[in-house]
Amino acid sequence: MVVHLVRYEHNERISWGVLAGDVISPLSGDYPSTADLIDGGRSDWTEAATTPGNVKPAEVRLLSPITTPCRVMCQGANYRQHAIESGMDPDRRTFNLFFDKTDAAVTGPCDPVTRPAHVTLLDYEIELALVLRGTVHAPTTVTTENLHDYVFGVTIGNDLSARDVQLPQGQFLKGKSYRGFCPLGPVLAVLEAEDLGLLDDLELRLEVNGSLRQADNTVNMLYRPAETLTELSEFCNWNPGDVLLTGTPHGIVAGSPPPLVRRLATALLPEDKLWAAFVKVNQRKPYLGPGDVVTASIRNAAGTLDLGTQRNTIVAPIR
């Protein structure tokens with residue numbers, strides 16, 4: 001059975017609990033980090049899952065279930081239709097695209113997100129986030145049979161991205177790591193070995209001001225978790241509580257022009273002029289601005305794996 005954990009603040013105290021329906025059953029132990037919870041909280045959340053709850057989510061502040069410091073690793077163009085809108089042929093692609101976000105970007109599932117003053121092309125990317133367990137410091141073969149040894153659970157991530165930094169500057173890390181650019185939560189679903197098959201049929205949905213922008217199913221991933229973690233272990237270490245964002249579906253604001261247009265523009269314009277034109281054209285598109293409300297949810301049709309709903313409001317910087 002999937003256990004749905006939340007981390008929350010109430011009366012200036014941070015606690016963990018099991019969410020069942022619309023109530024939270026608090027855990028009795030103190031777990032300062034997600035790694036502490038992974039390593040020592042099993043008996044606690046097992047008991048809480050059978051105890052009637054007495055805390056209402058509306059009465060607390062829900063926090064990111066992933067504590068910092070942690071590592072936030074990402075996959076790019078990992079859904080078929082998103083690869084196409086990014087100018088790639090998913091049937092001919094022979095590589096898995098990886099990059100990082102810094103943990104300075106991690107924020108709560110309902111916290112406001114500040115759009116930096118110099119950013120005008122702020123984009124959204126709903127993603128299924130794998131919360132990792134174990135310590136991997138060498139190349140490791142991860143299979144569907146042993147995946148449970150490396151994946152503790154899943155949560156929702158939003159890979160917010162400043163496209164006018166990421167693309168013109170070639171700065172993935174910088175453009176995706178401003179503070180608040182990685183809302184996580186609200187629910188951290190703990191998966192047992194028999195639950196991992198649920199990852200193959202999850203519906204992802206993102207709306208802006210109530211208007212649907214992204215919708216897809218994890219069945220359309222190009223690279224599955226086991227093969228992805230195997231490849232990741234070839235060049236990357238991880239520890240309990242680190243996170244892998246597994247890619248976003250189609251429907252982002254930024255798009256790639258057809259290959260012919262890109263080649264012509266590159267041939268005719270200096271690079272600085274090309275990117276200046278890109279930013280100018282893209283400012284007409286519905287990027288995120290102050291006052292916009294982004295909601296993101298991931299669940300399966302049966303409701304047995306439900307990661308809740310993020311609700312983040314975009315705000316202007318305080319002057």
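The values are calculated or read from the model by the stated rules, or taken from the named source; none is laboratory data. Treat the numbers as computed from the prediction; the structure is a model and nothing was measured. In this analysis, Cβ positions are derived from the backbone assuming ideal geometry, glycine residues included, and neighbour counts consider all displayed protein chains. Quick note on the areas: whole protein, heavy atoms, side chains included, nothing else; ligands and nucleic acids left out. Shrake-Rupley method; radii C 1.70, N 1.55, O 1.52, S 1.80 Å.
Descriptive notes on the structure:
- Residues satisfying the stated conditions in the stretch 1-18, i.e. farther than 24 Å from I298 by Cβ and loosely packed, with under 13 Cβ neighbours inside 10 Å: N11, E12, R13
- Scanning the stretch 67-99 for residues that are within 16 Å of I156 (Cα to Cα) and among the acidic types (D, E) turns up nothing.
- Any hit, the stretch 134-148, residues being over 21 Å from Q310 (Cβ atoms) and at pLDDT below 95: yes
- In a residue-by-residue description of the stretch 148-159, the property of being assigned to a loop (DSSP other than H, G, I, E, B), crowded, with 24+ Cβ neighbours inside 10 Å, of a type outside the set (S, T, N, Q) and in contact (Cβ under 8 Å) with a residue 12 or more places away in the chain applies to at least one position.
- Entry remark, the stretch 37-66: residues being among the hydroxyl-bearing types (S, T, Y) and touching a Leu at 6+ places or on another chain (Cβ under 7 Å) number 1 in total.
- Matching option when the condition is modelled with pLDDT under 95 and in a loop (DSSP other than H, G, I, E, B), among R319, R263: R319
- Matching residues in the stretch 306-318 - criterion: being open to solvent by less than 10 Å² (accessible area, probe 1.4 Å) and over 18 Å from P57 (Cα atoms): I314
- Condition met for D242 (open to solvent by 40 Å² or more (accessible area, probe 1.4 Å) and modelled with pLDDT of 95 or more): no
The rows are residues; the columns are (1) surrounded by fewer than 16 Cβ atoms within 10 Å (Cβ to Cβ); (2) modelled with pLDDT under 95.
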site: G170; (1), (2): yes, yes
site: G180; (1), (2): no, no
site: P186; (1), (2): no, no
site: V190; (1), (2): no, no
site: A193; (1), (2): yes, no
site: S211; (1), (2): yes, no
site: Y223; (1), (2): no, no
site: S233; (1), (2): no, no
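- Of all positions in the stretch 124-135, at least one carries a residue that is closer than 17 Å to T313 by Cα, out of contact with any Leu (no Cβ under 6 Å at 6 or more places or on another chain) and among the acidic types (D, E).
- If you go through the stretch 67-109 and keep only what is of a type in the set (D, E) and either within 21 Å of R213 (Cα to Cα) or assigned to a loop (DSSP other than H, G, I, E, B) (or both), you end up with E85, D89, D91.
- Residue match in the stretch 119-134 (condition: over 29 Å from P168 (Cα atoms), among the small types (G, A, S) and surrounded by fewer than 22 Cβ atoms within 10 Å (Cβ to Cβ)): yes
- Only residues that are open to solvent by 40 Å² or more (accessible area, probe 1.4 Å), in a helix (DSSP H, G or I) and not small (G, A, S) were counted across the stretch 19-42, and they come to 3.
- The set of residues in the stretch 28-50 being under 25 Å from the mean Cα position of the chain (by Cα) and farther than 15 Å from G241 by Cα consists of W45 alone.
- Within the option set G185, G170, being touching a residue at least 40 places away in the same chain (Cβ under 8 Å) and not β-branched (V, I, T) holds for one residue only, G185.
- Verdict on L191 being in contact with a Ser or Thr (Cβ under 7 Å, 6 or more places away or on another chain), within 27 Å of T46 (Cα to Cα) and in contact (Cβ under 8 Å) with a residue 12 or more places away in the chain: no
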